[in-house]
Amino acid sequence: MAEHRIPDPAGFGVRLRTTSPDDTRALAARAADLLRGGETLLLHGPLGAGKTCFVQGLCTALGVVDEVTSPTFTLANRYEGRLVVHHLDFYRIGPEADLADIGVDALLDEIDAGEAVLVAEWPQRLAPLVKRRLELLVLPGATPEERIWHLRGVPELPAPWAALASAGGGGAC
C-alpha cells in the first residue's frame with residue numbers, strides 16, 4: 001500500500017470554505033462550469049474529507065445521470081455527461097504498480113486531446129505525469145460538516161478558477 005502524504009496547505013494560493021455536503025456539491029458545480037475538456041483535477045485530503053462528494057457534485061453539474069461512487073476498489077470509473085469524466089482513485093495503488101497496467105497512459109492521451117476530464121483522488125503517483133493540472137486540497141474545518149478547500153494550479157492557476165473563492169456559495173477564508 002502506498003504512503004499517502006497530504007500536501008502542506010501553505011503551498012496553495014486560494015482558500016475557501018464549505019459548510020455542508022450540499023455546499024461542497026455546489027462548489028463542484030461552479031467548478032464544472034469552468035471545464036471545457038482536457039483538464040486534470042487532483043484531489044488531496046484525508047479519508048472522509050469530501051473528495052468523492054466533490055466529484056458527485058461535479059458529475060451532476062456535467063449532466064451525468066449514473067450514480068457516482070468512489071473508485072477505491074475499481075480504481076477507475078467513467079461517467080458520460082456534457083464531458084466524459086474519468087474518476088480515478090490511487091489509494092490502493094502501491095509504489096511498485098505500473099500505472100500503464102490500469103490504463104493511465106490511454107486516459108492521459110484522451111485528456112491531452114481535450115476529449116475528457118480526469119479527476120483523481122490520492123493522486124501522488126499521478127502528479128508527476130501531469131504537467132498542467134488543478135489541485136484541490138480539502139481539510140476538515142471547525143465543525144463536523146465544514147471543509148476548508150485549498151486550490152492551486154500547476155504551472156499556474158487560471159484566473160476563472162481563482163475566482164471560485166468569490167463566486168456564490170461557501171466563502172473565501
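Figures for the structure shown
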{"quantity": "Single unsatisfied condition, residue 136 versus (1) hydrophobic (A, V, I, L, M, F, W, C); (2) loosely packed, with under 14 Cβ neighbours inside 10 Å; (3) modelled with pLDDT of 95 or more", "calculated": "(2)"}
{"quantity": "In the range 118-156, the residues that are free of Cβ contacts under 8 Å to residues at least 24 places away in the same chain and touching a Ser or Thr at 6+ places or on another chain (Cβ under 8 Å)", "calculated": "none"}
{"quantity": "Whichever residue in the range 111-145 is of a type in the set (Asp, Glu) and part of a loop (DSSP other than H, G, I, E, B) and, among such residues, is nearest to residue 83 (Cα to Cα)", "calculated": "115"}
{"quantity": "Test: residue in the range 72-94 that is closer than 23 Å to residue 36 by Cβ, small (Gly, Ala, Ser), out of contact with any Pro (no Cβ under 6 Å at 6 or more places or on another chain) and surrounded by 14 or more Cβ atoms within 10 Å (Cβ to Cβ)", "calculated": "yes"}
{"quantity": "Number of the exception - residue 100 against (1) over 14 Å from the mean Cα position of the chain (by Cα); (2) of a type in the set (A, V, I, L, M); (3) assigned to a helix (DSSP H, G or I); (4) over 24 Å from residue 115 (Cβ atoms)", "calculated": "(4)"}
{"quantity": "Residues that are out of contact with any helix residue (DSSP H, G or I) (no Cβ under 9 Å at 6 or more places or on another chain) and over 16 Å from residue 140 (Cα atoms), drawn from the range 13-42", "calculated": "36"}
{"quantity": "Residue ID - farthest from residue 29 (Cα to Cα), chosen from residues in the range 73-83 that are free of Cβ contacts under 8 Å to residues at least 40 places away in the same chain and in contact with a strand residue (DSSP E or B) (Cβ under 7 Å, 6 or more places away or on another chain)", "calculated": "75"}
{"quantity": "Lone qualifier among 92, 147, 152 - being at pLDDT below 95 and basic (Lys, Arg)", "calculated": "92"}
{"quantity": "Members of the range 10-54 found to be more than 14 Å from the chain's Cα centre (by Cα), within 28 Å of residue 97 (Cβ to Cβ) and not in a loop (DSSP other than H, G, I, E, B), listed by number", "calculated": "11"}
{"quantity": "Conditions (1) within 28 Å of residue 26 (Cα to Cα); (2) part of a loop (DSSP other than H, G, I, E, B); number of the one not met by residue 93", "calculated": "(1)"}
{"quantity": "Residue that is without any contact (Cβ under 8 Å) to a residue 60 or more places away in the chain, closer than 21 Å to residue 4 by Cβ and among the β-branched types (Val, Ile, Thr), where the choices are 104, 55, 65", "calculated": "104"}
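The values are calculated or read from the model by the stated rules, or taken from the named source; none is laboratory data. Keep in mind that this is a model prediction, so the values were computed, not measured. Neighbour counts run over all protein chains shown; Cβ positions are idealised from the backbone, glycine included.
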